[in-house]
Amino acid sequence: MVQIYENAVNDIIMAGNRLDGQNFAPATSGNYSIRVGDNEMAITVSGVHKGQLEPRHIMRADLDGNSLDGKTPSAETLLHCLIYKLCPDINAVLHTHSVACSVLTKVMANARELVLSGYEMLKAYPNITTHDIVVSLPIFENTQDMIELSSLVNDYLKEFPKTPAFLIRCHGVYGWGADMNEAMRVIEATETLMSIEVNIKQIGNKI
Ligand SMILES: [Zn+2]
């Protein structure tokens, strides 16, 4: 158990360095977690810069969001909890804030989903083997009420359990995977696809 937790801490620190290096974690934003037991996860504490993570910035929490070691979890810990509870095969969750996500979801002001098709990058999502497919990522409205948002996400994922990620308007992305490598692939693919969509909209406005 100790080794599982220490491995999770190392993976989370590496994720922070990698995502910060791509400007997906400005100003202490985002949070990352790994499932480490039946009812336990390792997750970043509130308010630290994800490019400067140290082991003391990672904490133990149960899957109801309660601290197990006295450290303070982020308000968004509840979203990690619900993904782990709903999806027993998911063992890592990443949440990023990016310019592309905020620009795209602001421009798409009335959209409830981002519909992606035709991109080779879609093959980065689990169980997708072709570009010739349509993937919809839900867009939820931003709120500080994490209980309300968790309820909306819970209802959506129960109806569409194969969803690889979701967006929160003018805020960020949640992506997950069977392990940290898969979660990282999902997040980087989603960030790349959002950047492509932003570029397409910019070109469209000039033509
Ligand atoms: Zn956030």
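Taking only the Cα atoms of the stretch 2-206, the ratio Rg/Rh comes out at 0.95, with Rh defined as the Kirkwood radius. How much length, in nm to one decimal, is gained on full extension between Leu86 and Asn10, taken as 0.36 nm per residue of separation minus their Cα-Cα distance? 24.8 nm is the gain from fully extending Leu86 to Asn10.
Relative to the present Cα-Cα distance, how much length would full extension add between Asp132 and Asp155 at 0.36 nm per residue of separation?
On the way: separation 23, 0.36 × 23 = 8.28 nm, distance 2.77 nm.
Result: 5.5 nm gained on full extension.
Averaged over its residues, the chain has an accessible area of 48 Å² per residue, based on protein heavy atoms and a 1.4 Å probe. Annotation for Glu54 and Asn39: the two label points, set 7 Å from Cα along the Cα-Cβ direction, are 3.3 nm apart. Sorting 154-162, 38-46 by average packing, meaning the other beta carbons within 10 Å per residue, from highest down gives 38-46, 154-162. Highest mobility in the GNM of the chain, judged by mean-square fluctuation with C-alpha springs under 10 Å and restricted to Val48, Val99, Val134, is found for Val134.
Under 28 Å Cα-Cα from Lys201, which lysines qualify once same-chain neighbours fewer than 8 residues away are excluded? Once the sequence-local lysines are set aside, what remains near Lys201 is Lys106, Lys123, Lys162. Once C-alpha pairs closer than 8 Å and six or more residues apart are averaged by separation and normalised to the residue number of the stretch 2-206, the relative contact order reads 20 percent. What FRET efficiency do you get for Asn23 and Ile196 if R0 is 25 Å and r is their Cβ-Cβ distance, rounded to the nearest 0.05? Result of the calculation: an efficiency of 0.95.
For the chain, which whole-number percentage of the solvent-accessible area (1.4 Å probe, protein heavy atoms only) is attributable to carbon and sulfur atoms? Mind dumping the intermediate values first?
Working: 5170 of 10020 Å².
The computed percentage sits at 52.
The values are calculated or read from the model by the stated rules, or taken from the named source; none is laboratory data. Please read all numbers here as calculations on a predicted model, not as lab measurements. Ideal geometry is used to build each Cβ from the backbone, glycine not excepted, and the neighbour counts take in all protein chains shown. These area figures cover heavy atoms from the full protein model, side chains too; ligands, DNA and RNA do not enter into them. Shrake-Rupley method; radii C 1.70, N 1.55, O 1.52, S 1.80 Å.
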